[in-house]
Structures are given as structure tokens and as C-alpha cells.
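A short write-up of the structure that comes next.
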Amino acid sequence: MNLTEAIEILNKNGFLTESWEDFLPEPDPKAEKILNDCYDDDYARSWGPDSAYRRARERAKMVDADLDYPSNRPEFEEVYGYDIDDVPREVIDRLYPN
């Protein structure tokens, strides 16, 4: 039995009722901007993007602890649709209008 078959059996018998996507935070433009403001590219080059994201998240919580920030970099990418270590130009233009 492979993983897909096991998941189907569990799903048919009502054991899988929630998806991991149900636990992702909702996209929040304010949280997104704070995280981008706190993300340090130089730190990412030295210590890696995952470490830089953890640091940015800690700093973001100091800015506004009430917001729901994605737990890690892959979760951030799932919520916002891009890697915080490689922000698309249109996102930069949206977050930081002239």
C-alpha cells in the first residue's frame, strides 16, 4: 500500500476531516509588509533564507504581536504566493508605492 491509497482509506472512513491548508493564516497585507520590512537580505546571504525568515518573524512580532504570521518560509510562500527571499517586482511596487 502506498501513501495515496492509505490517505484514501482514511478519508473514506472519516479519519481525515481537515486539510493542512485549514491551519494556514489568512493573507494579511499588514503582516506581509511587516515581514518584508523585517527580512534582512544580508543576513539571509550569511545564514540562509530560513534563518533570516525566523529572525524576520521574531522582529515582526515585536512590531505587532497581534498579527498572525506564517510559521516558516514555505508557509509564507503558500500564503502569499512568493518566496520572501525572492520578492517579485509587482509585489515590491504594491507594498512600497512611490
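Readers should treat all values here as calculations from the given coordinates under stated rules, not as data from a laboratory. Predicted model, so just to flag it, every value in this text is computed and none were measured. Counting neighbours? That spans all protein chains shown, and the Cβs are built from the backbone with ideal geometry, glycine included.
If the chain linking Ser46 and Glu75 were pulled fully straight, counting 0.36 nm for each residue of separation and taking away their Cα-Cα distance, it would gain 8.3 nm. Sites counted here are chymotrypsin sites (Phe, Trp or Tyr not before Pro) in a DSSP loop (not H, G, I, E or B) having no more than 16 other Cβ atoms within 10 Å; the longest part of the chain that contains none of them is 16-81. Here the label points at Asp66 and Ile92, each 7 Å from Cα along the C-beta direction, are separated by 3.2 nm in the simple model. Averaging 1/r over each pair of different alpha-carbon atoms in the chain and inverting the result gives 15.2 Å, the Kirkwood hydrodynamic radius.
Counting only DSSP H runs of at least 4 residues, each contributing -39500 (n - 2.57), and dividing by the residue count of the chain, the helix-based mean residue ellipticity at 222 nm comes to -17000 deg cm²/dmol.
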